[in-house]
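In what follows, a single structure is set out as structure tokens and then discussed.
Each value in this text was obtained by applying a stated rule to the coordinates, not by laboratory testing. Please read all numbers here as calculations on a predicted model, not as lab measurements. Because the Cβ atoms are built from the backbone with ideal geometry, glycine has one as well, and the counts that use them run over all protein chains shown.
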């Protein structure tokens with residue numbers, strides 16, 4: 001299940017839903033002006049993976065161990081880049097990965113969150 005941030009094109013939500021995933025949009029469930037902290041709390045409470053373009057929010061998700069897909073792609077390429085790598089992205093999250101970044105070149109950067117001390 002996914003929570004798609006306001007800064008991500010609707011085509012990403014459509015792609016996820018078209019593949020059979022549940023994909024909620026922040027603008028629909030929390031509003032267009034939702035704060036990152038509210039988005040994070042909503043995702044955590046419901047066990048959702050966040051999809052965002054926002055680097056600061058991606059860092060906060062990683063620090064808080066909220067699974068997230070950080071799109072570092074150009075918005076007009078989001079859908080095609082994601083479609084090409086979605087199987088690998090889902091497999092990474094299934095293994096318990098906290099962050100997957102999809103780069104402009106279409107590569108995946110998969111990171112575990114650092115253990116809290």
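See the values below:
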{"read-out": "Identified option (computed mean projected area of the Cα convex hull in nm²; candidates (i) 8.4; (ii) 6.7; (iii) 16.8)", "value": "(ii)"}
{"read-out": "Point-to-point label distance, residue 10-residue 97, nm (Cα→Cβ direction, 7 Å offset)", "value": "3.0 nm"}
{"read-out": "The chain - mean residue ellipticity at 222 nm from DSSP helices (-39,500 (n - 2.57) per run, n ≥ 4, rounded to 500)", "value": "-12500 deg cm²/dmol"}
{"read-out": "Length gained when the stretch residue 28-residue 104 is fully extended (0.36 nm per residue, less Cα-Cα span)", "value": "24.6 nm"}
